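We did not get these values from a lab; they are worked out from the coordinates using the rules stated. Nothing here was measured: the structure is a model prediction, and the numbers come from that model. Note that each Cβ is placed from the backbone with ideal geometry, even for glycine, and that neighbours are counted across all protein chains shown.
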Amino acid sequence: MKAALWLLAVAAALYLALCLLMFSQQRRLIYYPQFTRADPAGTDFALDRGDAVLRGWIANPGASDPVLYFGGNAERVEDNREAFAAWLPARIVYLPAHRGYGASDGEPGQAALFADALALYDFVRARHPGQRISVIGRSLGSGVAAHLAAQRPVDRLVLITPFDSLGAVAAGHYPWLPVRLLLRDRYDSAAQLRGYRGPLLVLRAGRDEVVPPARTDALLAGLGRDAEVVAIDRADHNDVHTASEYGQALARFLR
């Protein structure tokens with residue numbers, strides 16, 4: 001009996017230690033900026049946020065009616081310049097790197113990324129007064145875009161491989177952990193989108209294993225309104241942008 005209690009205590013202690021380790025290291029598990037680093041000298045614009053300088057790239061610099069693109073985790077957003085220039089030839093597209101990503105300074109975190117998105121919107125608005133601003137968010141960036149759309153006038157919103165909340169996604173990947181208790185950065189897009197009433201396009205990948213279909217389904221179910229959905233059945237989370245339907249949907253919805 002004593003041996004069983006001792007083994008149970010050891011197991012509980014190890015589980016608690018694992019939970020504490022996951023809690024302390026969670027942002028290393030959520031954010032992957034190390035794959036995206038870029039030379040600041042090659043960027044097209046910069047925004048000084050006081051504690052960090054955000055930098056990014058521009059497609060179609062002579063055009064109007066800006067589009068803001070918030071990329072996914074480990075995504076080099078500058079690689080999209082040529083594609084966006086072809087898909088949206090009449091619109092200028094801003095491709096900022098999240099803080100800590102690409103050529104931007106700082107450390108990523110939900111509060112900082114949300115505040116940066118609002119500042120970037122205001123920066124673009126000042127550069128293009130009176131013009132419509134649309135927003136695209138992919139994967140991690142969909143959580144940022146959802147927050148922005150709830151806080152600022154967004155003409156049209158595109159969410160690519162989005163989720164209802166990061167907590168729900170993480171709970172599916174780590175069912176043996178009390179993820180919802182441990183998680184600091186929640187990206188509750190389902191709640192955020194209740195504040196957005198404009199046109200919405202959702203692009204989803206049929207073979208997505210990073211954001212399971214159930215999480216996109218839950219987001220759509222919680223909208224309380226219609227959204228245009230384009231399902232690219234043969235695509236997965238990381239290659240959805242290579243499908244012809246992807247660019248066609250963006251071009252049609254944002255032109």
Notebook entry, point to check: In debye to the nearest 20, how big a dipole does the range 31-254 give about its Cα centre with +1 on each Lys and Arg Cβ and -1 on each Asp and Glu Cβ?
Noted result: 500
Next item on the list: Go ahead and set up a Gaussian network model of the chain, Cα springs under 10 Å, then flag whichever of Ile92, Ile136, Ile30 fluctuates most.
Entry: Ile30
Checklist line | Nearest-ten-degree value, helix 2-24 long axis tilted from longest Cα axis of the chain | finding: 20
Checklist line | Selected from Gly72, Ser104, Phe114, residue furthest toward positive end of dipole (the chain; charges at beta carbon) | finding: Phe114
Checklist line | Helix axis angle, 110-127 relative to the chain longest principal axis, alpha carbon, degrees | finding: 0
Item checked: Environment charge of Leu220, counting only residues whose C-beta is closer than 12 Å and scoring Lys/Arg +1, Asp/Glu -1 -> -1
Next item on the list: With Cα extents along the principal axes in Å in mind, check [x] 77, 43, 34; [y] 51, 39, 36; [z] 77, 39, 31 and report the label derived from this structure.
Entry: [z]
Next item on the list: For the chain, build the charge dipole from Cβ charges (+1 Lys, Arg; -1 Asp, Glu) around the Cα centre, then report which of Gly198, Ser134, Pro61 sits farthest towards its positive end.
Entry: Gly198
Check: Of the beta bridges DSSP finds with both residues in the chain, what % are antiparallel, to the nearest 5?
Finding: 30
